[in-house]
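Trainee: Here it is: the structure, laid out below.
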């Protein structure tokens, strides 16, 4: 710290992303990336965009990409906001919808970036305590919050709720903005996007990083009433006119247009997840029923941290959160069948 | 506006970037892009990075890119911060170094994003009035500001000062952070980067968008004392872990490593600038001596807005700011020799 740091810079507690090892020798099951590459059409789009035109600024409004997203979800273009990954989209939500000193509410066990944003933007937060089997106690949310953040499925548990639960929340608190983070929704949960036509207090945030295999290119989006989107645009355009580069815009557009590849890849990941869950169960793990591309697991005899360390030594990275209530759990991303077979083998060896 | 907008969302006044026409029929001299493509090595790097690995997150610390920048400037890696264009880097500076209610100071005629950031982050600003021939009156800066922002060369005038002026500022106000925005420095001005070793109150911001022809890929950076850089990292990591995608990181790395191509391209732009300035002079324009890749010009008989509109009709885009004191000036980006010949022809026809 030095005399030039603002109070904010001193007081924040930055997010620590999962390890991105440089040596590449690991089976990476730690950051919920898709084990399959994006659609071949994405590579075609990247190649087409790799031209002398990279000297020119991108479209600041990313109209082509917004239209593609709007087509997919059958919403209007002005109901779509795009950003540099859903993390940036969520970050923009804070100054756009919450004033310093306002309170937002989210589960105590959830995406650990939420409290980080809150501190950065001087927003207070109140958590609702997940039940012991990790369900979100929807009845515990109160109208005192200016915003409610609910990941569906929740992370790192993978548990999803039906849109009826979201709709009930929207009806109970019509003056509270409900932000549903659907980063993992495509792997088996139900999206709340159709509800945006009926509720102006709903913003749904999604990403190209997981189900569309584009974590490396940084594209996320929000869908909501055009009044909400307009506010997000105002904040984004007061921060950085061009948040998504030319190549990423075209790549994401191609990714969302290729529905066939999308559903095929999803199915593979879901099948591997179900198979892996069964195998882990057989090895004495408790496995939370997941609607995401990861499994949240705990072993009856061996401590999570011990498994985490041993797997790392064996060349497999998973995620362990040193946090109250979940310190004995691991979040394991679904990789290819081969990745998961290797994982099961290593775990079996540990059990002997 | 609706009931969910924060005070910030309601009060800000977003930046309006120069037009990015979709039809592509214009000669674009309006957003200071480089008329030449980036180094061939950039395209090689992009092609190499276009692989299944786009499914994986980028390096959140962009170590390869930071090292390349550090090598070029002969500074240490922890003296370099990278972001999604220099606009994002400048945006991060506000919450990192200034508290809401603090005052920052910058010229009254300068990059028009500065007041936009100030409003977004609740920072007050005090401008110093450029002389009538557009020089920055350095003596008018006072110690009451927590930060001073000086573009060198200034925009949209293109006028540069020597680093002696910057150094004097750093010595006069050792407890004020001086941010020098060097977006255009490579086209003929002197960089203050070497001063960072001596002054811990200096942060120099640069970009790959202009001299390195990568506006489309969004990479900017800041160089300064490691205490300043650490604070920027904290804020960035509380906002978005991965601001620069995989392809952009590698492209920028290749761009900064190819010094030969860089200096060759710069020379071409500078030669065209000097030639164009002479021609415009001959047509009755006042031309401010520019150290950037644009010219700031005013005609003795014809109003700037009229020229702007007529050029647009003729397929040439230049930038006109409807702002007090410069409403009779145009900012014209230096294009290829052919672009500028076309411009001169159209202007000549107007003069008849």
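Trainee: Take the residues in segment A:113-125 that are closer than 26 Å to residue A:327 by Cα and more than 8 Å from chain B (Cβ to nearest Cβ), then tell me which one is surrounded by the fewest Cβ atoms within 10 Å (Cβ to Cβ).
Mentor: Among those that are closer than 26 Å to residue A:327 by Cα and more than 8 Å from chain B (Cβ to nearest Cβ), it is A:124.
Trainee: Select from segment A:45-55 the residues that are more than 7 Å from chain B (Cβ to nearest Cβ) and in a loop (DSSP other than H, G, I, E, B) and list them in ascending order.
Mentor: Within segment A:45-55, A:51 is the sole residue that qualifies.
Trainee: Then there is this: Assess whether residue B:154 counts as being more than 26 Å from residue A:10 (Cβ to Cβ) and either in the same structural domain as residue B:208 (by TED's automatic domain parsing) or surrounded by fewer than 18 Cβ atoms within 10 Å (Cβ to Cβ) (or both). I'd like the intermediate steps shown before the answer.
Mentor: Numbers: more than 26 Å from residue A:10 (Cβ to Cβ): yes; either in the same structural domain as residue B:208 (by TED's automatic domain parsing) or surrounded by fewer than 18 Cβ atoms within 10 Å (Cβ to Cβ) (or both): yes.
It is true that residue B:154 is more than 26 Å from residue A:10 (Cβ to Cβ) and either in the same structural domain as residue B:208 (by TED's automatic domain parsing) or surrounded by fewer than 18 Cβ atoms within 10 Å (Cβ to Cβ) (or both).
Trainee: Would you mention how many residues in segment B:77-112 are surrounded by fewer than 22 Cβ atoms within 10 Å (Cβ to Cβ), facing another protein chain (nearest Cβ under 10 Å) and over 22 Å from residue B:169 (Cα atoms)?
Mentor: 1
Trainee: Out of the residues in segment A:168-186 that are under 21 Å from residue A:336 (Cα atoms) and buried (at least 24 other Cβ atoms within 10 Å of the Cβ), state the one that is farthest from the other protein chains (Cβ to nearest Cβ).
Mentor: Only one residue fits best here, namely A:185.
Trainee: Please go through segment A:1-44 and pick out each residue that is within 7 Å of another protein chain (Cβ to nearest Cβ), outside any loop (DSSP other than H, G, I, E, B) and either within 17 Å of residue B:233 (Cα to Cα) or over 25 Å from the mean Cα position of the chain (by Cα) (or both).
Mentor: Result: A:7, A:8, A:9.
Trainee: So residue B:346 ticks every box in (1) in contact with a strand residue (DSSP E or B) (Cβ under 8 Å, 6 or more places away or on another chain); (2) touching a residue at least 60 places away in the same chain (Cβ under 8 Å) but one. Which box is left unticked?
Mentor: The failed condition is (2).
Trainee: Going through segment A:244-254 one residue at a time, which ones are closer than 16 Å to residue A:43 by Cβ and facing chain B (nearest Cβ under 10 Å)?
Mentor: Matches in segment A:244-254: A:246, A:247, A:248, A:249, A:251.
Trainee: Another question about this same structure. Identify all residues within segment B:167-199 that are under 21 Å from the mean Cα position of the chain (by Cα) and part of a loop (DSSP other than H, G, I, E, B); write none if there are none.
Mentor: B:182, B:183, B:184, B:188, B:189, B:190, B:191, B:192
Trainee: Report yes if some residue within segment A:151-158 is part of a loop (DSSP other than H, G, I, E, B), more than 15 Å from residue A:183 (Cβ to Cβ), in contact with a helix residue (DSSP H, G or I) (Cβ under 9 Å, 6 or more places away or on another chain) and more than 14 Å from every other protein chain (Cβ to nearest Cβ); otherwise report no.
Mentor: Checked against the condition, which is being part of a loop (DSSP other than H, G, I, E, B), more than 15 Å from residue A:183 (Cβ to Cβ), in contact with a helix residue (DSSP H, G or I) (Cβ under 9 Å, 6 or more places away or on another chain) and more than 14 Å from every other protein chain (Cβ to nearest Cβ), segment A:151-158 yields no hits at all.
Trainee: Give the residue, chosen from B:3, B:48, that is without any contact (Cβ under 8 Å) to a residue 24 or more places away in the chain, surrounded by fewer than 14 Cβ atoms within 10 Å (Cβ to Cβ) and either out of contact with any helix residue (DSSP H, G or I) (no Cβ under 6 Å at 6 or more places or on another chain) or within 19 Å of residue A:215 (Cα to Cα) (or both).
Mentor: B:3 is the lone residue from the list that is without any contact (Cβ under 8 Å) to a residue 24 or more places away in the chain, surrounded by fewer than 14 Cβ atoms within 10 Å (Cβ to Cβ) and either out of contact with any helix residue (DSSP H, G or I) (no Cβ under 6 Å at 6 or more places or on another chain) or within 19 Å of residue A:215 (Cα to Cα) (or both).
Trainee: Hey, another quick one. Just one of B:110, B:127 is in a loop (DSSP other than H, G, I, E, B) and under 20 Å from residue B:203 (Cα atoms); which is it?
Mentor: Result of the check over B:110, B:127: B:110.
Trainee: Scan segment B:209-234 for residues that are crowded, with 24+ Cβ neighbours inside 10 Å and at the interface with chain A (Cβ under 7 Å from one of its Cβ atoms) and jot them down.
Mentor: B:213, B:214, B:215, B:216, B:217, B:218, B:228, B:231
Trainee: Return yes when residue A:91 is free of Cβ contacts under 8 Å to residues at least 12 places away in the same chain and assigned to a helix (DSSP H, G or I) and no when it is not.
Mentor: No.
Trainee: Related question: Among the listed residues B:202, B:195, identify the single one that is assigned by TED's automatic domain parsing to the domain that holds residue B:86, at negative phi and surrounded by 22 or more Cβ atoms within 10 Å (Cβ to Cβ).
Mentor: B:202
Trainee: Among the residues of segment A:113-121, are any within 26 Å of residue B:58 (Cα to Cα), in contact with a strand residue (DSSP E or B) (Cβ under 6 Å, 6 or more places away or on another chain) and without any contact (Cβ under 8 Å) to a residue 60 or more places away in the chain?
Mentor: So far as segment A:113-121 goes, yes, one or more of its residues are within 26 Å of residue B:58 (Cα to Cα), in contact with a strand residue (DSSP E or B) (Cβ under 6 Å, 6 or more places away or on another chain) and without any contact (Cβ under 8 Å) to a residue 60 or more places away in the chain.
Trainee: Follow-up question, since we're still on this one. Taking the condition crowded, with 20+ Cβ neighbours inside 10 Å and at pLDDT below 95, does residue B:26 pass?
Mentor: no
Trainee: Suppose the filter is touching a residue at least 24 places away in the same chain (Cβ under 8 Å) and touching a helix residue (DSSP H, G or I) at 6+ places or on another chain (Cβ under 6 Å); does residue B:54 pass it?
Mentor: For residue B:54, the condition - touching a residue at least 24 places away in the same chain (Cβ under 8 Å) and touching a helix residue (DSSP H, G or I) at 6+ places or on another chain (Cβ under 6 Å) - is met.
Trainee: Can I ask one more? Which one of the conditions (1) touching a strand residue (DSSP E or B) at 6+ places or on another chain (Cβ under 6 Å); (2) over 30 Å from residue B:6 (Cβ atoms) does residue B:184 fail to meet, given that it meets all the rest?
Mentor: (1)
Trainee: Going by the conditions given, is residue A:67 at pLDDT below 95, over 19 Å from the mean Cα position of the chain (by Cα) and either assigned to a helix (DSSP H, G or I) or at the interface with chain B (Cβ under 9 Å from one of its Cβ atoms) (or both)?
Mentor: Against the criterion (at pLDDT below 95, over 19 Å from the mean Cα position of the chain (by Cα) and either assigned to a helix (DSSP H, G or I) or at the interface with chain B (Cβ under 9 Å from one of its Cβ atoms) (or both)), residue A:67 does not qualify.
Trainee: Given (1) more than 9 Å from chain A (Cβ to nearest Cβ); (2) more than 30 Å from residue A:293 (Cα to Cα); (3) in contact (Cβ under 8 Å) with a residue 40 or more places away in the chain, where does residue B:128 come up short, assuming only one miss?
Mentor: So the condition that residue B:128 fails would be (3).
Trainee: Would you confirm, using the coordinates I've provided, whether residue B:148 is part of a strand (DSSP E or B), crowded, with 21+ Cβ neighbours inside 10 Å and either touching a helix residue (DSSP H, G or I) at 6+ places or on another chain (Cβ under 7 Å) or at pLDDT below 95 (or both)?
Mentor: The answer is yes for residue B:148.
The values are calculated or read from the model by the stated rules, or taken from the named source; none is laboratory data. Since we're looking at a predicted model, the values are computed, not measured. Here the Cβ is made from the backbone with ideal geometry for all residues, glycine too, and neighbour counts use every protein chain on show.
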